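Okay, so here's the structure we're looking at.
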Amino acid sequence: MKITPAADYKELHELPEMAFTYIKMPLANTCVLILVGALILQYALTMYFITMAARLKCFNKEYMLQFAEEHAKAFPERPKVPQFGYPDSGYGWYGRRLPYLDWIKMNSGQRAQLNMFEQLSYMVVTSLVAAWYYPWVSFSFLMAYFLGKVWYSIGYTCCGPMWRIPGALINDLVFVAQFILAVVSASVALYNDW
């Protein structure tokens, strides 16, 4: 990677030459970074369009009214029952009275989101480390992981827990493969620096 000062920066701002730089990155590494951003976006979309949609449907105003008196007794300084069932995640105080179908939808959405959240930082870090020396392989693994997460989330929330298994298997295999690739990439980096 070559770090180059922007040509017109000094003329425009009269600051030292290295005050503003940009990094020229190979296409493969750029693709990995874009896919990492897409993975983070995928998490946000899962959170809002799957989990939040289930929350809005299940913990609506009518449903939450049944807890109004109980809440007002416990919190006289703020007697209004929480909107959308917060802090319940579907299996707590408010979720215990949900009809079975709503309980399944709420908890499936929560599980899809939490599974993605649990693995997100690991995949971002290992993908970036692996991409240092093996960017196209890292990109391929990350793409398989991205598609596996789509399958996992849609399968879990639309068809039931058993339909998440193909996506989960893809993700688990990629999870291990990306870790091994990151270790190899880091080893090559250490070897080349000695």
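Annotations
- The stretch 181-194 residues that are under 12 Å from Ala131 (Cβ atoms), paired with ones that are hydroxyl-bearing (Ser, Thr, Tyr) and assigned to a helix (DSSP H, G or I) (beta carbon under 6 Å, 6 or more apart): Ala182/Thr126
- Filter result (assigned to a helix (DSSP H, G or I) and in contact with a Lys or Arg (Cβ under 9 Å, 6 or more places away or on another chain)) within the stretch 63-92: Tyr63, Gln66, Phe67, Ala68, His71, Ala72, Gln83, Phe84, Gly85
- Test: Met106 is closer than 30 Å to Ile180 by Cβ, at pLDDT below 95 and in contact with a helix residue (DSSP H, G or I) (Cβ under 7 Å, 6 or more places away or on another chain): no
- Picking from residues in the stretch 92-117 that are among the basic types (Lys, Arg) and within 20 Å of Met162 (Cα to Cα), the one that is surrounded by the fewest Cβ atoms within 10 Å (Cβ to Cβ) is Arg111.
- Considering residues of the stretch 145-189 that are of a type in the set (D, E, K, R) and buried (at least 16 other Cβ atoms within 10 Å of the Cβ) only, the residue farthest from the chain's Cα centre (by Cα): Arg164
- Any hit, the stretch 51-64, residues being surrounded by fewer than 20 Cβ atoms within 10 Å (Cβ to Cβ) and of a type in the set (Ser, Thr, Tyr): yes
- Among the residues listed as Leu120, Leu142, Leu41, Leu35, the single one being in a helix (DSSP H, G or I), of a type outside the set (Asp, Glu) and surrounded by fewer than 14 Cβ atoms within 10 Å (Cβ to Cβ): Leu41
- Scanning the stretch 145-170 for residues that are in contact with a Leu (Cβ under 8 Å, 6 or more places away or on another chain) and either in contact (Cβ under 8 Å) with a residue 40 or more places away in the chain or outside any helix (DSSP H, G or I) (or both) turns up Tyr145, Phe146, Lys149.
- Applying the criterion of being without any contact (Cβ under 8 Å) to a residue 40 or more places away in the chain and among the aliphatic types (A, V, I, L, M) to the residues of the stretch 72-103, the residue that is farthest from Ser185 (Cα to Cα) is Ala72.
The values are calculated or read from the model by the stated rules, or taken from the named source; none is laboratory data. Keep in mind the model is a prediction, meaning the values are calculated, not measured. Using ideal geometry, Cβ is built from the backbone for each residue, glycine included, and neighbour counts are taken over all protein chains shown.
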